[in-house]
Amino acid sequence: MKRTRLLLLAVGTLAAAAAPTTANAQSKILMSGSTSVYPLTVDLIKAYKKKNPNTKFSVSQGGSDVGIGDVARKRVNIGASSRDQQAGDPGGLTFTKIARDGICVVTNPANSIANLSQQNVQDIFAGKVRRWEDVPGSKVTGPIALNVRTESSGTQDAFRNIFMGPSLRVTPSASQKATNGLVQAAVQNDKNAIGYVDINFISGTYPVPYKGVACNLRNAKSGQYPGVRNFWYVTVGAPKGEVKKFIDFARSSSVQSSVVAKHYVPFK
């Protein structure tokens, strides 16, 4: 999958990608992975650099599987993942939870459906129901335009586990998108579209209530909304040095209650 590299210019002195030997330098932290975790990482780095201005960061996106693979190969110090650890992941990795987050099923604002049950979601995304006329409460007619994430995406994995269940898979006819933003844009621009995105990418779309509960940060924090998953920072072995210092900072109570809680669900 083509990788999208985004240097965090707003954060300050961030280095470009370096060779694996440079990735071990404690004064520079290299990161890659989840597009969902990326905005939180930006916020955490900004806060961290206020107290640690000499630490440099370089961050790229590409999906959770990319981040996990990069850190396993020691191309980066930290892989960002929005999915839980799996049996097939490389050995020797440590997954450290940094936050929790919601996944919203979204439609175009022209199709403000009052509610979708899990059965409704499964039927739509498995391709069993292909027209909006067959979806209870739909405000539009015509074929359903499905938008999903690519296989390397942690959001795709979490959606499958939380919404689809172990025995169902998303239909291969769905349009696959590399990032939350691309799903968001597709749904914004097509009244017949539906997709799923991280809760911080719902602007310009209609987040459909799921199992009778609105998909918003308040309900995710309270535990009412069922579509919540974990965010992880992945390292080879236990975090050490400057990497440990940064991850401990992200997990601290003060940062969880301030930086994390603004747009995400604190993990503790």
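Each value in this text was obtained by applying a stated rule to the coordinates, not by laboratory testing. Since we're looking at a predicted model, the values are computed, not measured. Heads up, the Cβs are rebuilt from the backbone with ideal geometry, glycines too, and the neighbour counts pull from every protein chain shown.
How do I194, I103, I247 line up, fewest other C-beta atoms within 10 Å first? Don't skip to the end; give the middle numbers.
Working: I194 30, I103 27, I247 21.
Fewest to most other Cβ atoms nearby, the residues stand as I247, I103, I194.
Cut-off 12 Å, label point 7 angstrom out along Cα-to-Cβ of T94: give me the residues of region 28-62 whose amide nitrogen falls inside.
The answer is none, because no backbone nitrogen lies closer than 12 Å to the label point.
When every alpha-carbon pair in region 102-222 is counted, what percent end up more than 18 Å apart?
In whole percent, the long-distance tail amounts to 45.
Restricting things to alpha carbons, find the Rg to Rh ratio for region 202-268 using the Kirkwood radius for Rh.
In region 202-268, Rg relative to Rh is 1.08.
So which of K28/K49; K139/K211; K177/K221 end up more than 21 Å apart, counting from Cα to Cα?
Violating the 21 Å limit, Cα to Cα: K177/K221.
Can you give the convex hull volume of the alpha carbon atoms of the chain per residue, in Å³?
In the chain, the Cα hull volume divided by residue count equals 119 Å³.
Taking K56 as the anchor, which aspartates and glutamates have their alpha carbon closer than 18 Å to its alpha carbon, excluding any fewer than eight residues away along the same chain?
Partners within reach: D43, E242, D248.
Which helices pass in the chain if a helix is a full DSSP H run, must span at least 15 angstrom along its long axis by Cα, and must have mean Kyte-Doolittle hydropathy not below -0.5?
Helices passing the filter in the chain: 38-51, 241-251.
Could you tell me the relative contact order of the chain? Use alpha-carbon pairs under 8 Å, at least six residues apart, and round to a whole percent.
About 26 percent, as a whole number.
Just from its helices, what would the mean residue ellipticity at 222 nm be for the chain, if runs of 4 or more DSSP H residues each count -39500 (n - 2.57) and the sum is divided by every residue, rounded to the nearest 500 deg cm²/dmol?
Rounded to the nearest 500, it is -7000 deg cm²/dmol.
Out of Q224, Q156, Q86, any idea which swings most in a Gaussian network model of the chain, alpha carbons joined below 10 Å?
Checking each option, the largest mean-square fluctuation is seen for Q86.
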